[in-house]
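S.K.: Pasting in a structure now, in structure tokens, and then I'll have a few things to ask.
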2 protein chains.
Amino acid sequence: MTRARVVIENIVPQVDGGRFAVKRVRGDMVSVSADVFADGHDLVACAVLFRRRGDTEWQRVAMSGAGNDRFAAQFAVSELGRYEFTVEAWVDHLATWKRDIEKKRAAGQDTRVDEARGAQLERAGIDPDLVTRHEPPLTVEVERELARFSSWYELFPRSTSDKPGKHGTFADCAARLPYVASMGFDILYLPPIHPIGFTERKGPNNKVGAAKVDVGSPWAIGAASGGHKATITELGSLEDFARLRREAAELGIEIAIDIAYQCSPDHPYVREHPEWFLKRADGTVQYAENPPKKYQDIYPFYFETTAWRALWQELKSVVDFWIEAGVRVFRVDNPHTKPFPFWEWLIGEVRSAHPDVIFLSEAFTRPKVMYRLAKLGFSQSYTYFTWRNTREEIEQYLTEVTRPPVSDYFRPSLWPNTPDILPEYLQFGGRPAFMARLVLAATLGASYGIYGPAFELLEHEPREPGSEEYLDSEKYQLRQWDLERPDSLRDLIARVNRIRREHRALQSDSSLRFHSVDNDSIIAYSKSTEDGEIILVAVNLDPRYRQSGWIDLDLAGFGLAAEKSFQVHDLLTDARFLWHGARNYIELDPRTLPAHVFRLRRKVRTEHDFDYYL
Amino acid sequence: MTRARVVIENIVPQVDGGRFAVKRVRGDMVSVSADVFADGHDLVACAVLFRRRGDTEWQRVAMSGAGNDRFAAQFAVSELGRYEFTVEAWVDHLATWKRDIEKKRAAGQDTRVDEARGAQLERAGIDPDLVTRHEPPLTVEVERELARFSSWYELFPRSTSDKPGKHGTFADCAARLPYVASMGFDILYLPPIHPIGFTERKGPNNKVGAAKVDVGSPWAIGAASGGHKATITELGSLEDFARLRREAAELGIEIAIDIAYQCSPDHPYVREHPEWFLKRADGTVQYAENPPKKYQDIYPFYFETTAWRALWQELKSVVDFWIEAGVRVFRVDNPHTKPFPFWEWLIGEVRSAHPDVIFLSEAFTRPKVMYRLAKLGFSQSYTYFTWRNTREEIEQYLTEVTRPPVSDYFRPSLWPNTPDILPEYLQFGGRPAFMARLVLAATLGASYGIYGPAFELLEHEPREPGSEEYLDSEKYQLRQWDLERPDSLRDLIARVNRIRREHRALQSDSSLRFHSVDNDSIIAYSKSTEDGEIILVAVNLDPRYRQSGWIDLDLAGFGLAAEKSFQVHDLLTDARFLWHGARNYIELDPRTLPAHVFRLRRKVRTEHDFDYYL
């Protein structure tokens, strides 16, 4: 039974009452606030206590009052891994006494008896018995900055050969690195690079019954030559992969690989560990199903097996294997079809040994499932952005995922396309649609990615009408890409990624704010930094017609004077416009460029009375 | 390490993650909902488990899906005291198998191998290993219906004598009971009835230095003749009090007494337990202060004393004493100046032995402190309603306190006045202001109270300009009231309380909804029951002028057809109006009656084609 008088309530940040860690990246300040109050009129004092997990000593920061019984303080997280923090509070008798005696003196009252009380309080100090501490402590998971700010480029390495019809190799892929680097990406993500099963292999366009020459889906993992810890011979050896990884690193690019926990019928696991798969009544292995659809080329793991401990360990050893091979970024395929406790265990174990490892969750599923996976530890998550096209859809969804509580555990990664998703907007919108979606993804999201070269080369034919599958998808066949095509978006992508690197405002999502425009076809939003960098983006969402409108800015929110003029500098075109006040005109022609990415520049007067824009 | 696949999140209702009990009254249905989901595409099943605290067996109710991974069920609480509930969930393999096999059959697939799996699943049942249960269980505190629906009348028993200048007695107070009953109140609350201290006693209008004849403040508790467990001789003996209580019960009225944990300097505790009071440096006892104000007639208890256990026990014994004397409703004076853990302990102990006891918190203080006291166990709480006068103020505040999460633990009691608060609106608004505030309190709040006869006799003179204290306040002197004055609001109060008793819609707050009126001086709101009773209230907030306007009703929300006509029956005047559609005209003259309390009546056609309004 505690009798401590001070209450601590509603500590922010926390995820599900402390059940999960709050996510931050190295170098962040963690701003902690809480309701702290006691009975009566006595003053309270409180502090944030924090430490790296495993440390025994707490560090303390005094909290200061923000009104309405709310107190706040912040601390820096400078190391990767887990931090703990909590709040401690107590009645500050000495401060109360000082406040009261000053009031009495001001009223001319005799304070002689009260003076003695002060000395007594000073001697007594704080009775630990009467200190309230929030228990258990809350947790912060600190990751690399790359977890917050990253530009992903996905390609199929087997399609990188410059000879038509020839299977690309890791070496071909390495030759493609300067191209990827020239566009400014920092992560190159490769679909599975493992041996591909032959049994029930699918042909081009997912046709049942592959021909001899068909290469199969990289996600049908495993053959006699090996499983998740092997590379497919056609791409090259583990040494070849290591060389690719090193050459990428020299260009500032990290290689991300795909973790897809499933097997082709030819995977060695099927023979060596039949207990990891569900048997049907006829003794065959249960293949993947989504009735009435059948995926006979894929055997899912049976996580309810009694041999689950061995299975979990083996699956973790796959990640460990690739960590050993130098990989630190993993894109995880369909994590929502494996048990949640498995992911919490796997990511927790991996990150406690290797806190620099980043996991991207490819869970395109129901919202609560996606959020749960993020809470369990995934560093980044694919999102519904891929299908959010109207201004209202984008504003609503991006607001949800960039504000607490969601943003405390969920980091959106915005993808206009993936090998699995060619959205309708790109099928019918032409080049303007690709440009608009690129700018939206790269400026709404501090993390984004594209599947190329399909994206920059405007690939837009679906397998059949109404389908989101690509025609002649690289998932099932080799493709050859003409990277030098004049309509390629390569230069625009390079420009956008350079803008992202040069402007810190675009490197996090927490400052994202939408602005009203009197034309629904134009979306406008800004991101800013605490030291005053403001990036304002306007995009014409209509890929067919020129659209114009008046944008309304909250100038006070930007720290700009209401009636002053300021410069907007379009970082895409280098054009500069002088704007006056909150309401300004914009016009965007999709045939040239459907977006502005403005930097707002304040007018500054030098000591020589010369005006310039900062 | 659990590997159960199903996740249970976001269970509603719960207060602060289960730290505190959810409040309900006997007979309520507790509607429980939760997000429940698993990995993959398997179907999940879930149930609410509930039991009275102390029972070993759980009762179960299956939850049903409400979309977006949300599931719901409800259970009834038929006994006073604490219930526990939780949610249990598991993958329903059998239901999943049934769903899948039906899809396969519909697609004409061969399902012979699948049939065997069904029988196997039926045999296996649910593996308890893979069942998720939310732990620890959540708590519901079930109180009497009076905790939710109550009409309080406060009076000073010493002012009930019919002889001018004579101290009233419990017998005089008993003679006043038919008057109170005629107005329809069900709780008669008496300020402290204990001996009053003589040392530093205050005179009329809180004057320092009382004259011999001055009766002092009832809140300066304790004299040589006794303390919190004694009655003041002038009122009568404990037997006289018991007689008053019994006579009240016969009229359907419960007597509530005041628990004010503080002492006059003459209280026996001061002599017998000096360790319960803080000593000043000069050896005197620390009186109450709010510097530079001094309250030398009041000694607060020193809760930080090392003898706190004995102090807590003694304070609880005060409540136990009055429970023994038959009291079940306590109004607690200034609970926010005593430690929170003390209240949680006291109320918990008292209610575990006497779950029919009701505590009203008189904490007029900061919002978070008021809410915390409610969470700790107070059945009802005074509110800021007393100072909320404009439509916007009322709508905002009442919305906050009548919706979850607040309404799960905080039950507002709306008081237009108290002996401590004569609000400005009543000082200057005349009789119309009193009428308006009465109707607002009694129809916005399922629980409300007035301090009478000051209220019904329109007492409105402040002690001095700008003060909220009554002139010649009963707190410091005897008063004589002319109950038969023709301008008394007695009849209106009786009518309003009868309407409250006859219409269940007004007996809870959860259905309160505000409706728009195109004149800010008129506020309109409704309460309704699930079986279709709709009460619509409109009040003119301007005590000086007739106001009119068009009210917009959400007819669909009421289950009324959009273009049909319906009857509004004013329960205050018995007038009936035929309204058409959503938009209707109202006009309210404060000089006659500033409010409508309508019952909405649907048109019903009998089999003989005769229309009437139900």
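Bear in mind that the values in this text are calculations on the coordinates, not laboratory data. All values reported here derive from a predicted model rather than from experimental measurement. Neighbour counts run over all protein chains shown; Cβ positions are idealised from the backbone, glycine included.
S.K.: Count charges around A:Gly54 for me, please; just the other residues with Cβ under 10 Å from its Cβ, Lys/Arg as +1, Asp/Glu as -1.
M.R.: Here the charged neighbours net out to +2.
S.K.: Run the quick spin-label model on A:Ala556 and A:Arg498: label points 7 Å from Cα toward the beta carbon, then report their separation in nm to one decimal.
M.R.: The modelled label-to-label distance comes out at 3.9 nm.
S.K.: Next up: In 5 Å bins starting at 0, how do the alpha-carbon pair distances of segment A:117-209 split up by percent?
M.R.: With a bin width of 5 Å, the distribution comes to 2, 9, 11, 12, 10, 8, 7, 6, 5, 4, 4, 4, 4, 5, 4, 3, 2, 1, 0.
S.K.: Would you tally the net charge around B:Pro355, using a Cβ to Cβ cut-off of less than 9 Å, leaving B:Pro355 out, and scoring K and R as +1, D and E as -1?
M.R.: Residues near B:Pro355 contribute -1 overall.
S.K.: Next question, about the same structure. With the label 7 angstrom out along Cα to Cβ, how close does B:Gln313 come to the same site in each of the other copies, in nm, nearest first?
M.R.: Here B:Gln313 shows inter-copy label distances of 5.7 nm.
S.K.: Order the peptides B:431-437, A:441-447, A:266-272 from the highest to the lowest mean number of other Cβ atoms within 10 Å of their residues.
M.R.: Descending mean neighbour count gives A:441-447, B:431-437, A:266-272.
S.K.: Roughly how many debye, to the nearest 20, is the charge dipole of chain A about its Cα centre, given +1 on each Lys and Arg Cβ, -1 on each Asp and Glu Cβ, and no other charges?
M.R.: For chain A, the charge dipole is close to 100 debye.
S.K.: List the pairs from A:Lys166/A:Lys338; A:Lys207/A:Lys338; A:Lys475/B:Lys98; A:Lys23/A:Lys475; A:Lys103/B:Lys207 whose alpha-carbon separation is above 24 Å, in the order I gave them.
M.R.: Long pairs (Cα-Cα over 24 Å): A:Lys166/A:Lys338; A:Lys207/A:Lys338; A:Lys475/B:Lys98; A:Lys23/A:Lys475.
S.K.: Can I ask one more? What does a probe at A:Ala224 reach in segment A:181-211, counting residues whose amide N is under 18 Å from the point 7 Å along Cα→Cβ?
M.R.: Answer for segment A:181-211: A:195-201.
S.K.: Using only the alpha-carbon atoms of segment B:473-569, report the extent along each of the three principal axes, biggest first, to the nearest angstrom.
M.R.: For segment B:473-569, the Cα spread along each principal axis is 58, 32, 24 Å.
S.K.: Next question, about the same structure. Put a point 7 Å out from Cα along the line to Cβ at B:Ala119; what are the distances to that point in the other copies, in nm, shortest first?
M.R.: 9.4
S.K.: Starting from the Cα of B:Arg576, step 7 Å along the direction of its Cβ; do the same at A:Arg601; then give the gap between the two resulting points in nm.
M.R.: 7.7 nm
S.K.: Just which residue of chain B brings its Cβ nearest the axis of rotation onto chain A, and by how many angstrom, rounded whole?
M.R.: B:Gly17, 2
S.K.: Sorting B:Tyr302, A:Tyr261, A:Tyr448 on the 10 Å Cβ count, fewest up front, what's the list?
M.R.: Listed from fewest to most nearby Cβ atoms, that is B:Tyr302, A:Tyr261, A:Tyr448.
S.K.: Same structure again: Nearest 0.05, what FRET efficiency do A:Thr529 and B:Asp129 give at R0 = 35 Å with Cβ-Cβ as r?
M.R.: Once the sixth-power term is evaluated, E becomes 0.10.
S.K.: Net charge within 11 Å of B:Ala307 by Cβ-Cβ distance, Lys/Arg positive one each and Asp/Glu negative one each, not counting B:Ala307 itself?
M.R.: -2
S.K.: Here's another thing I want to ask about it. Hey, can you grab everything whose amide H is under 5 Å from the amide H of B:Phe277? Only 5+ residues off in sequence or another chain; H modelled, so Pro and N-termini drop out.
M.R.: Correct list: B:Tyr302.
S.K.: Based on the Cα gyration tensor of segment B:242-288, what are the three equivalent ellipsoid semi-axes, each the root of five times an eigenvalue, rounded to whole Å and given largest first?
M.R.: 38, 10, 7
S.K.: Evaluate the relative contact order of segment A:217-372 (contact order divided by residue number), counting alpha-carbon pairs under 8 angstrom at least 6 apart; express in whole percent.
M.R.: 23 percent
S.K.: Between copies, how far apart are the A:Tyr613 label points? List them in nm, one decimal, shortest first, with each point 7 Å from Cα toward Cβ, please?
M.R.: For A:Tyr613, the other copies' label points sit at 6.6 nm, shortest first.
S.K.: For segment B:536-586, compute Rg over Rh where Rg is the Cα radius of gyration and Rh is the Kirkwood radius from the inverse mean 1/r over Cα pairs.
M.R.: 0.99
S.K.: Principal axes first, then extents: for the Cα atoms of segment B:433-530, list largest minus smallest coordinate on each axis, whole Å, largest first.
M.R.: Principal extents (Cα only, largest first): 48, 29, 24 Å.
S.K.: Follow-up. Could you tell me the ratio Rg/Rh of segment B:428-488? Both radii from Cα atoms, Rh via Kirkwood.
M.R.: Ratio value, two decimals: 0.98.
S.K.: Another one. Normalising by the residue count of chain A, find the relative contact order in percent from Cα pairs under 8 Å and 6+ residues apart.
M.R.: 11 percent
S.K.: Next question. Using the C-alpha atoms of segment A:227-307, what convex hull volume per residue, in cubic angstrom, is computed?
M.R.: In segment A:227-307, the Cα convex hull volume per residue is 145 Å³.
S.K.: In whole Å, how far is the Cα centre of segment A:206-273 from that of segment A:471-525?
M.R.: Result: 29 Å between the Cα centres.
S.K.: Under a straight-distance cross-link criterion of Cα-Cα below 15 Å, which aspartates and glutamates are reachable from A:Lys104, leaving out those fewer than 8 residues away in the same chain?
M.R.: Qualifying aspartates and glutamates at Cα under 15 Å: A:Asp114, A:Glu115, B:Glu289.
S.K.: Name the shape class, rounded, prolate or oblate, that the alpha-carbon gyration tensor gives for chain B, where a ≥ b ≥ c are the square roots of its eigenvalues, rounded holds for a/c under 1.5, and otherwise prolate holds if a/b is larger than b/c and oblate otherwise.
M.R.: oblate
S.K.: Report, in debye and to the nearest 20, how large the dipole of segment B:358-401 comes out about its Cα centre when Lys and Arg carry +1 and Asp and Glu carry -1 on their Cβ.
M.R.: 220 debye
S.K.: Then there's this: Can you give me the distance in nm between label points at B:Asp482 and A:Ala171, each placed 7 Å from the Cα along the Cα-to-Cβ direction?
M.R.: Result for the modelled spin labels: 11.4 nm.
S.K.: Considering amide H positions built from the backbone, and no H for Pro or chain starts, which residues 5 or more places from A:Tyr613, or on another chain, come under 5 Å of its amide H?
M.R.: Amide H neighbours of A:Tyr613, under 5 Å, 5+ apart: A:Val604.
S.K.: While we're looking at this one, here's another question. Could you work out the pair-distance distribution P(r) of segment A:173-310 from its alpha-carbon pairs, with 5 angstrom bin width and percents rounded to whole numbers?
M.R.: The percentages, shortest bin first, are 2, 10, 16, 18, 16, 14, 11, 8, 4, 1, 0, 0.
S.K.: Considering the alpha-carbon set of segment B:314-437 alone, what are its Rg and its Dmax in angstrom?
M.R.: 16.1, 47
S.K.: Same structure again: With both partners inside the protein assembly as shown, how many of the DSSP beta bridges are antiparallel, as a percent to the nearest 5?
M.R.: Within the protein assembly as shown, antiparallel bridges account for around 75 percent of the total.
S.K.: To continue, here is another question. Can you compute the charge dipole magnitude of the protein assembly as shown about its Cα centre, using +1 on each Lys and Arg Cβ and -1 on each Asp and Glu Cβ, nothing else charged? Give it in debye, rounded to the nearest 20.
M.R.: Dipole size: approximately 160 debye.
S.K.: Which ³J(HN,Hα) values, rounded to whole Hz and listed in residue order, are derived for segment A:457-469 from phi using the Karplus coefficients 6.51, -1.76 and 1.60 in 6.51 cos²θ - 1.76 cosθ + 1.60 with θ = phi - 60°, glycine and proline given as x?
M.R.: Residue by residue, segment A:457-469 yields 9, 6, 4, 9, 8, x, 4, 8, x, x, 8, 9, 7 Hz.
S.K.: I need to check one value: relative contact order of segment B:1-80, counting alpha carbon pairs closer than 8 Å and at least 6 residues apart, in percent.
M.R.: Normalised by residue count, the contact order of segment B:1-80 is 33 percent.
S.K.: Right, next: Which value, in nm² and rounded to one decimal, describes the direction-averaged projected area of the C-alpha convex hull of segment B:16-97?
M.R.: Value for segment B:16-97: 6.5 nm².
S.K.: Right, something else. Taking every pair of alpha-carbon atoms in the protein assembly as shown, what share in percent sits in each 10 Å bin, from 0 to the bin with the longest distance?
M.R.: 2, 8, 14, 17, 17, 15, 12, 9, 5, 2, 0, 0
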